[in-house]
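I have a structure here, written as structure tokens, and I will follow up with some questions on it.
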Amino acid sequence: MKYLEEFRDPQIARRMLDKIHILATRPWAIMEVCGGQTHSIIRNGIDQLLPPGIELIHGPGCPVCVTPLEMIDKALAIAAHPEVTFCSFGDMLRVPGSGKDLLRVKSEGGDVRIVYSPLDAVKLAQANPQRQIVFFGIGFETTAPANAMAVYQARQLGLDNFSMLVSHVRVPPAIDAIMAAPGNRVQAFLAAGHVCSVMGYWEYEPLVERYHTPIVVTGFEPLDVLEGIRRTIMQLEAGEASIDNAYSRAVTRSGNGPAQSMLASVFEVVDRGWRGIGVIPQSGWRLNAQYRQFDAEIRFAVQDITTQESELCHSGQVLQGRLKPNQCPVFGTLCTPRTPLGATMVSNEGACAAYYQAGRFHLNAYEQPNTTI
Amino acid sequence: MCLGIPGRVTEIFEADGVRMGRVDFAGIVKEVCLAYVPEIEIGDYTIVHVGFAITQLDEASAQESLRLFAELGTLTHELNPMQDG
Amino acid sequence: MPLRHYPAIVMGHGAGGKLSSELVEHLFLPAFDNATLADLGDAAILELAGSRLAYTTDSFVVQPLFFPGGNIGHLAVNGTVNDLAMSGARPLFLSAGFILEEGMPMQQLGVIVESMAGAARTAGVTLVTGDTKVVDRGHGDGLYINTSGIGLIPPTVALGPQYVQPGDLVIVSGEIGLHGIAVLSVREGLEFGAPISSDCAALNGLVVAMLSTVPDQAAIRVLRDPTRGGVASTLNEIAKAAQVGITYFENKLPVHPSVAAACEMLGMDPIYVANEGKLVAIVAPDAADQLLAGMRQHPLAAQATIIGEVTTSHPGLVLARTGIGGTRIVDLLAGEQLPRIC
């Protein structure tokens, strides 16, 4: 695939790693905010190949993982309605709520469907006027424009059987909260590439100022991640702190104008709870007054739902980068991808699932087979 | 958070008042909403996330990045030919 | 390990991953309690009247019924033929049970049955017995098919995970993930144009060719067809059954660019995607080159490749060496592989 495979070149990757090994003279703790980056790092084994002093702290960049428990329970309640066709991205189906997950609701007779794009849910609403189509609108700023367009379209088409359960989160307030938290060890951030494709990176400039922390906009392929890390270490070693764009083929400072306009006309900023972390002020979006009639929370009157987190789950600490998954007392025993206690074990991008799938408790990750083929 | 992959725009049309198109990913063709990339043309590359083009891919920038990456490695090798990775 | 209590079956129980394994191990094996079943091979191997009989069954519930490269009928015949072929048997006879949904168009059924007849002729098997049931409209997704098959294993052939040894090499017979992606491309809610078709095919001819290519048939240790759950699940099954480690090299995997692209788009990994016309072979290292050359002469294995090896490290586990030199464990998935946005 063009503009994808070239950024996986193993020879260049090895040389970039060599460069990083030379550059880093001291230990540094860098947080990657994006679940997609976490996935790429673990999947490609990048963190195993970095100098031992460079620690990658996996941030709360997995929208699946940070969707508040109440929101999952609301989704479960709505999906159980017989007249509802509940549409969601695949990632959300196995996230445990207080008692069950959407797959369970499906097995109990709920009409739960995976869609690739929110517009597919709008199409379903058009084709099935007798059903109530509800779309689970989760995600960071990357996904928000798509979800906004779905609601906008529903309004244009005059659909009264379409609604959205909105649980959007924004990255800059999360970075702010992490840096301001007592005991924070993060010294620099890899900003999420595609979030910045939409929002640009001008929002991060005040954060760089306030905390004197380097922030480097980074992509997802191995070479992109290595480049982001390399540029971050360069700044750290030089005592510098600025915003840098290492994903220039997909990111500009101002971002995507039309997308931002749509966001402004459909959503408004609100305080949002992040699962395992708590409420971060101004860190979320909800439908604004003009589009409130499409809000599934109101339509299905699920605003008051009591929740019950597993007492054994340490997702929150993992999400804040305070605990590595394999330091959690129930990691791999009571909590596995088959029997997840929290969202970080369910989602592919969750740090716990990534660690488990990569066998990070199983064996020495530097295993070298003897034969060459 | 952001599974977005690059593809080439092969068709542009309008459906229900929204700018749509077809994008080719190494032979896989998917209908994609192009509302957020109003200036994109057939033959251009774009990054697609959940059925939406979120940005035009800057091909010149991509080539430049690759050139720099390749060069990076060469320089390292010249400076430290005995260095083990 | 404590199990999360599933009061009802979920889709993951049929996905060929951990949930499926658990259902088999905790419900079916204890109930039917015999050594042959406990082997959990693709086919059961039975001693009968001085011969070794291979006996297998498979059910086909694919949606949609028609997909690029074939239909449920092709799968129903080839799937069972292949399970027999993997045990080294010459497939001979099939049964077919049809569960039809009221309202299913007769013309559609006609096409499917013709396809089955054609597939059976190609594979050299005879459908000798069958059954038909009809269920109410709204149940049955159009059509479900179960096929069972029997075949004879020649006395010189001995295949099974028990013969796998450290140092053996892992061969895959061609491009992976074609079937799964072809089906997904026409699945409602995902639809995308794909220039690829299911690789659905009978592999018994290829197996015969492979067994006659190597001077000593014992050089081929085990054969498996990586259907649901993909190559990853198959390698995990072998590693677990043989209690060996298996390592494969990601950049050696043969993957069609469009399969790779579809997997990128959906956030899936080709190693977990279903195949219906491929096999995995574990072979003695000194016979590998010769076997590979022989396989590549066969139309169904023109792109056969060595992808990895069997080791003594990490017994029971499958390890992938990534393109850039890292490693990761490739485990069975919990349930189905779901498309993701992250």
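For segment C:271-325, name all the residues that are of a type in the set (Asp, Glu) and either open to solvent by 20 Å² or more (accessible area, probe 1.4 Å) or within 16 Å of the chain's Cα centre (by Cα) (or both). Walk me through how you get there before you give the answer.
Our first condition is that a residue be of a type in the set (Asp, Glu); within segment C:271-325, this holds for C:276, C:286, C:289, C:309.
Selection gives C:Glu276, C:Asp286, C:Asp289.
Of the residues A:Ala154, A:Ala148, only one is more than 9 Å from every other protein chain (Cβ to nearest Cβ), within 22 Å of A:Ser283 (Cα to Cα) and more than 17 Å from the chain's Cα centre (by Cα); which?
Values: A:Ala154 fails: within 22 Å of A:Ser283 (Cα to Cα).
A:Ala148 is the lone residue from the list that is more than 9 Å from every other protein chain (Cβ to nearest Cβ), within 22 Å of A:Ser283 (Cα to Cα) and more than 17 Å from the chain's Cα centre (by Cα).
So which residues in segment C:237-252 are within 12 Å of another protein chain (Cβ to nearest Cβ) and out of contact with any Lys or Arg (no Cβ under 8 Å at 6 or more places or on another chain)?
Residues of segment C:237-252 within 12 Å of another protein chain (Cβ to nearest Cβ): C:245-252.
Those that are within 12 Å of another protein chain (Cβ to nearest Cβ) and out of contact with any Lys or Arg (no Cβ under 8 Å at 6 or more places or on another chain): C:Gly245, C:Ile246, C:Asn251, C:Lys252.
Determine whether segment C:53-67 contains at least one residue that is in contact (Cβ under 8 Å) with a residue 60 or more places away in the chain, within 14 Å of chain A (Cβ to nearest Cβ) and either of a type in the set (S, T, N, Q) or assigned to a helix (DSSP H, G or I) (or both).
Yes, segment C:53-67 has at least one match.
Considering only segment B:28-46, I want to know if a residue exists there that is surrounded by fewer than 19 Cβ atoms within 10 Å (Cβ to Cβ), closer than 20 Å to A:Val251 by Cβ and at pLDDT below 95.
no
Where in segment A:199-277 are there helices (runs of 4 or more DSSP H), lying wholly inside it, with at least 2 residues that are of a type in the set (S, T, N, Q)? Working first, answer last.
Numbers: elements: A:205-211, A:222-238, A:257-266.
Because the criterion is at least 2 residues that are of a type in the set (S, T, N, Q), the helices (runs of 4 or more DSSP H) in segment A:199-277 that meet it are A:222-238, A:257-266.
Given the condition part of a helix (DSSP H, G or I), out of contact with any Cys (no Cβ under 9 Å at 6 or more places or on another chain), within 13 Å of chain C (Cβ to nearest Cβ) and of a type in the set (A, V, I, L, M), answer yes or no: does some residue in segment A:23-45 qualify?
Yes; the residues of segment A:23-45 include at least one that is part of a helix (DSSP H, G or I), out of contact with any Cys (no Cβ under 9 Å at 6 or more places or on another chain), within 13 Å of chain C (Cβ to nearest Cβ) and of a type in the set (A, V, I, L, M).
Restricting attention to segment A:101-132, which residues are away from chain B (no Cβ under 14 Å) and among the charged types (D, E, K, R)?
A:Asp101, A:Arg104, A:Lys106, A:Glu108, A:Asp111, A:Arg113, A:Arg131
If we keep just the residues of segment A:1-11 that are at the interface with chain C (Cβ under 9 Å from one of its Cβ atoms) and open to solvent by less than 30 Å² (accessible area, probe 1.4 Å), which is farthest from the chain's Cα centre (by Cα)?
A:Met1
Restricting to segment A:166-177, what's the tally of residues that are surrounded by 24 or more Cβ atoms within 10 Å (Cβ to Cβ) and either hydroxyl-bearing (Ser, Thr, Tyr) or more than 14 Å from every other protein chain (Cβ to nearest Cβ) (or both)?
The total comes to 2.
What is the number of the single condition among (1) open to solvent by less than 10 Å² (accessible area, probe 1.4 Å); (2) more than 14 Å from chain B (Cβ to nearest Cβ); (3) touching a Lys or Arg at 6+ places or on another chain (Cβ under 9 Å) that A:Tyr204 does not meet?
(3)
Quick one: would you say C:Asp199 is closer than 28 Å to C:Gly124 by Cα, acidic (Asp, Glu) and touching a residue at least 40 places away in the same chain (Cβ under 8 Å)? Give the steps one after another, and end with the answer.
Values: closer than 28 Å to C:Gly124 by Cα: yes; acidic (Asp, Glu): yes; touching a residue at least 40 places away in the same chain (Cβ under 8 Å): yes.
So C:Asp199 passes the test.
Find all pairs meeting these conditions: Cβ atoms under 9 angstrom apart; at least six residues apart or on different chains; first residue within segment A:319-341 and touching a residue at least 40 places away in the same chain (Cβ under 8 Å); second residue outside any loop (DSSP other than H, G, I, E, B) and hydroxyl-bearing (Ser, Thr, Tyr).
Going by the 9 Å Cβ cut-off, the qualifying pairs are A:Leu319/A:Thr344; A:Leu341/A:Ser315.
Still on this structure, please answer the following. Hey, does segment C:251-264 have a residue that's under 30 Å from C:Glu25 (Cβ atoms), modelled with pLDDT under 95 and open to solvent by less than 10 Å² (accessible area, probe 1.4 Å)? If you could, list the steps in order and put the result at the bottom.
Here is the first cut: in segment C:251-264, the ones under 30 Å from C:Glu25 (Cβ atoms) are C:253, C:263.
Still in the running and modelled with pLDDT under 95: C:263.
Keeping just the survivors that are open to solvent by less than 10 Å² (accessible area, probe 1.4 Å) gives C:263.
The answer is yes; a qualifying residue exists.
Let me ask another. Looking only at strands (runs of 3 or more DSSP E) that fall completely inside segment A:63-156, which ones have 2 or more residues that are open to solvent by less than 10 Å² (accessible area, probe 1.4 Å)?
On the way: elements: A:84-88, A:111-114, A:132-139.
In segment A:63-156, the matching strands (runs of 3 or more DSSP E) lie at A:84-88, A:132-139.
Another question about this same structure. Between a first residue in segment B:1-29 that is closer than 30 Å to A:Ser167 by Cβ and in contact (Cβ under 8 Å) with a residue 12 or more places away in the chain and a second residue that is assigned to a loop (DSSP other than H, G, I, E, B) and open to solvent by 40 Å² or more (accessible area, probe 1.4 Å), which pairs have beta carbons less than 7 Å apart while being 6 or more apart in sequence or on different chains?
So the pair list comes out as B:Pro6/A:Lys2; B:Arg19/B:Pro38.
Identify, by number, the condition in (1) part of a helix (DSSP H, G or I); (2) within 9 Å of chain A (Cβ to nearest Cβ); (3) of a type outside the set (S, T, N, Q) that B:Pro38 doesn't meet.
With respect to (1) part of a helix (DSSP H, G or I); (2) within 9 Å of chain A (Cβ to nearest Cβ); (3) of a type outside the set (S, T, N, Q), B:Pro38 is out only on (1).
Next up: Taking B:Glu11 as meeting all but one of (1) on the phi < 0 side of the Ramachandran plot; (2) surrounded by fewer than 20 Cβ atoms within 10 Å (Cβ to Cβ); (3) in a loop (DSSP other than H, G, I, E, B), write down the number of the exception.
(3)
Given the criteria surrounded by 14 or more Cβ atoms within 10 Å (Cβ to Cβ), under 23 Å from the mean Cα position of the chain (by Cα) and in a loop (DSSP other than H, G, I, E, B), does C:Asp42 qualify? Give the derivation first.
Details: surrounded by 14 or more Cβ atoms within 10 Å (Cβ to Cβ): yes; under 23 Å from the mean Cα position of the chain (by Cα): yes; in a loop (DSSP other than H, G, I, E, B): yes.
Answer is yes for this residue.
Taking the condition of being open to solvent by 20 Å² or more (accessible area, probe 1.4 Å), within 20 Å of C:Asp131 (Cβ to Cβ) and either touching a Lys or Arg at 6+ places or on another chain (Cβ under 7 Å) or of a type outside the set (A, V, I, L, M) (or both), how many residues in segment C:75-96 meet it?
Taking segment C:75-96 and keeping what is open to solvent by 20 Å² or more (accessible area, probe 1.4 Å), we get C:90, C:92-93, C:95.
Subset that is within 20 Å of C:Asp131 (Cβ to Cβ): C:92-93, C:95.
Filter again for either touching a Lys or Arg at 6+ places or on another chain (Cβ under 7 Å) or of a type outside the set (A, V, I, L, M) (or both), leaving C:93, C:95.
Residues that pass the stated criteria total 2.
Restricting attention to segment C:143-187, report how many residues are out of contact with any Pro (no Cβ under 8 Å at 6 or more places or on another chain), open to solvent by less than 10 Å² (accessible area, probe 1.4 Å) and of a type in the set (Gly, Ala, Ser).
Residues that pass the stated criteria total 2.
Another question about this same structure. Quick check on A:Ile57: is it in contact with a Ser or Thr (Cβ under 9 Å, 6 or more places away or on another chain) and either away from chain C (no Cβ under 13 Å) or surrounded by fewer than 24 Cβ atoms within 10 Å (Cβ to Cβ) (or both)? Steps first, answer last, please.
Details: in contact with a Ser or Thr (Cβ under 9 Å, 6 or more places away or on another chain): no; either away from chain C (no Cβ under 13 Å) or surrounded by fewer than 24 Cβ atoms within 10 Å (Cβ to Cβ) (or both): yes.
No, not satisfied.
Could you tell me whether segment A:190-202 includes any residue that is of a type in the set (Val, Ile, Thr) and farther than 23 Å from A:Phe136 by Cβ? Walk me through it before giving the result.
Applying the first criterion (of a type in the set (Val, Ile, Thr)) to segment A:190-202 yields A:195, A:198.
Applying the additional criterion that residues be farther than 23 Å from A:Phe136 by Cβ yields none.
No: segment A:190-202 contains no residue that is of a type in the set (Val, Ile, Thr) and farther than 23 Å from A:Phe136 by Cβ.
The values are calculated or read from the model by the stated rules, or taken from the named source; none is laboratory data. Fair warning: this is a prediction, and the values are worked out from it, not measured in the lab. So basically every Cβ, Gly included, is an ideal-geometry build from the backbone, and we count neighbours across all protein chains shown. Note: accessible area is taken over every heavy atom of the protein model, side chains too, but ligands, DNA and RNA are not part of it. Shrake-Rupley method; radii C 1.70, N 1.55, O 1.52, S 1.80 Å.
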